[in-house]
1. Between the range 51-68 and the range 1-45, how many Å separate their Cα centres?
2. Once you put a point 7 Å from the Cα of Gln59 and another 7 Å from the Cα of Ile23, both along the Cβ direction, what distance in nm separates them?
3. What is the spin-label model distance, in nm, from Thr12 to Lys44 if the labels are put 7 Å beyond Cα along the C-beta direction?
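Taken together, the values in this text are just the output of simple stated rules run on the coordinates, not laboratory data. Bear in mind that the values here come from a model prediction, so they are computed numbers and not experimental data. As a convention, Cβ positions derive from the backbone with ideal geometry for all residues, glycine included, and neighbour counts pool all protein chains shown.
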Amino acid sequence: MQDPVNHPKHYTEHPSGIECIQITEHMSFNLGNALKYIWRCDLKKDAVEDLRKAMWYIQREIEKRVNPKEVRKDSIQHYTGSFTNAPNTGTGDCGK
């Protein structure tokens, strides 16, 4: 029986037989999310959307490494409602 909360189909059907989280939990937040979107892009309806989300997280990681103070400023704006460039992953889906 499929478990959409603990083992979503788009994470368990990879040809390798392992789940994405087994790799991403050892990565930084941005890189883990980028890999997650790349991992599942062909297992969901809109591969291009997931690839764009991966690019957003990769760009964010690059910016963080190049200019960490600016990324922190953007994060603070995000929590005050001013940050609008984050990918839309749906309401309450925790990125699944």
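1. 19
2. Calculated label separation equals 2.3 nm.
3. 1.8
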